[in-house]
Structure formats: C-alpha cells, structure tokens
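Here the structure comes first, spelled out in structure tokens, and everything after it is commentary.
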Amino acid sequence: MVLALVIALAAVLVVYLQPRQVNLGSMAMNEPNPIPLSETLAIQKMTWMEVRDRVALGYTRVIVPTGGIEQNGPFVALNKHDVIAAEVSERSARSLGNTLVAPVVSFVFEGEHSPPTGHMRYPGTLSVSSDTFQRLMGDIVSSLAMHGFKEIVLVGDSFDTQGDLERVAKKYDGKSKSGAVVRYISGFYNYDDVRAFLKSKGIIEVREPFHEELAFTLQLMAIDPSIVRYDQRMSIGATTLGGVPLADKDRLISLGQEILSLRVSRVVEAIRSGE
C-alpha cells in the first residue's frame, strides 16, 4: 500500500517537473511567446511573435531601406548599397526608439537589359524596371501596414531610386485599411553633406576611372573592411582612392564612423521633424 502510494507520487512529480511544452503545431495568433524578446531591431532576424510583441509594445514605425546590387569597380562587393543602407537604418532605428527595420530591398533599377546599359553592362548586377520596383515596394508597404505598423518610412542609398521611392510614398500614404502613414525621407541620401564633411577634413578626391567613391568606401571600412577588399588592394599596391592615401586603416575607419554618425543624425532629425 505504502509502496504503491510512493510510486504514484513519484509519477506525479515526474510529470509536474517536466519543462512546459508549447503546442507548435496549432499556435493561435495570441499564443504567448515562449522565449524572451531578442534585442535585434531587424525584422528578418526576429520571430513572428517578436514582431507582434514589439508592435504591441509601441514599435509601430518601420524603416524600409533600399540598396542595390551593382558593380562598384574592381575592389568593392556588389552589395555595397545594401550593407550601408542596413547599417544606417538600424543605427537610426536604435536612436529613434520604437522603430524596427525591414529587410533591405536589393532589387532596384540599375540599367536596361537589352541592350544592356549602365551597371547592367557588368556581370553580377541585378536590375528591375522602375515599374517592377514600385510594385514591389507597394506590396511591402501593404504587408507592413497589415501587420500593425502605423508609420512606414522609405529610404534609399542609391541615387536612381529616389524618385521611385517618393512616388510610392505618395501613392500609398494613408491608403491602407489601417491608414498607415507612408513617408519618403530624401535626407537619407545626403551625400552632398558627406562630401562637404570630407572637404572640411582637407580631403580632396579626384574621380577614378571606375565606379568607386570615397564617401561610400569609408562607410564600408567602418562596417567591414573586407567588403572593399582592403587587405587585397593594399597587397597589390592599390594604396590610393581618388588620390587619397589608404594606408592609415585606423583613420579610414574613424572617418567612416563619423560619416555614419553624420548620416544617422540627419535621418533621425528628418523623421522626427516629419520631413
């Protein structure tokens, strides 16, 4: 009798002490998140529950960065614009608060296909038409509005996308069922400010015969020097860019950080002021 009671009690304890199992096969939309929220602000790195819960906590603004896959000369990776757009957007979101960042849209107009024009003359470049890009952005805006975002901010790190982004913002602003505000921030692409900053540092750049500019390369140096093939270019004696020496790696990274900070301050100011 006593032995049977002990066995029964032990069985109950075994069940009670087991970790709580979540029914992953039929999760309701209001199912509580079984794990703590991650610190990331990048939507693609979050679970759907983390996005839902961030929005519920007031993260109802989202930045949608656009970049591009294009040739950038012999040293810089094709995703230059993507990397920079993501970095500036995520730093801006963290500074703003209550803001998330959508995945970078890589597919923008880079030139015609037949005959190839612009960057499309070079292998690896990906180009979509202006119409395709605007439709894609419209679907992304509609998706985000559907999931509770009240302010959708469109930004681009490539010059040729600016007009299309402005047109998308005007077309979709307030048009979703939720009435989400859709805004285009022209101040994201503030390279005149960046060039003025470099000039204030005594840096006078001359144009290279290939598609690489110091304003972009310095930012990439601050993010990841391998993207501009820093070690490899130095090893073959390509030690200048636009007449500017590249030997002082630490200074280049420091300048890149200053440029990123400058751009973030401009973006945050523009978003907060409603520009």
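Please treat every number below as a calculation from the coordinates, not as lab data. Small disclaimer: the values here were computed from a predicted structure and weren't measured. Every residue, glycine as well, gets a Cβ built from its backbone with ideal geometry; the counts of neighbours run over all protein chains shown.
Distance between the C-alpha centers of the range 57-105 and the range 210-275? Whole Å please.
15
222 nm [θ] for the chain, helices only, -39500 (n - 2.57) per DSSP H run of 4+, per residue, to 500?
Per the formula, -14000 deg cm²/dmol.
Give the total of Lys-Lys pairs in the chain with Cα-Cα distances below 30 Å; include a pair only if its members are 8 or more places apart or on different chains.
18
What is the sum of charges around L57, taking Lys and Arg as +1, Asp and Glu as -1, for the other residues whose C-beta is under 14 Å from the C-beta of L57?
Cβ neighbours under 14 Å give a net charge of +1.
Taking the chain as the reference, fit the longest principal axis to its C-alpha atoms, fit the long axis of helix 80-96 to the helix C-alpha atoms, and give the angle between the two in degrees, 0 to 90, nearest 10.
Helix 80-96 sits at roughly 60 degrees to that axis.
If you compute Cα Rg over 2.2 N^0.38 Å for the structure shown, which of (1) 1.12; (2) 1.20; (3) 1.30 do you land on?
(3)
In nm, to one decimal, how far is the modelled label at S226 from the one at H211, with both set 7 Å along Cα→Cβ?
2.4
Quick query: amide H of L241 versus all other amide H atoms, modeled in the peptide plane; which residues come in under 5 Å with a sequence gap of 5 or more or a different chain?
Amide H to amide H, under 5 Å and 5 or more residues apart or across chains, L241 pairs with L246.
With Kirkwood's inverse mean 1/r over C-alpha pairs for Rh, give me the Rg to Rh ratio of the range 128-253, two decimals please.
Taking Rg over the Kirkwood Rh, I get 1.12.
Pull up all non-local amide H partners of V182: gap of 5 or more, or a different chain, and H-to-H distance under 5 Å with H placed in the peptide plane.
Distant-sequence amide H within range of V182: I152, D173, G174.
Count the net charge of all other residues whose Cβ sits under 13 Å from the Cβ of G243, scoring Lys and Arg as +1 and Asp and Glu as -1.
Charge balance in the 13 Å sphere: -3.
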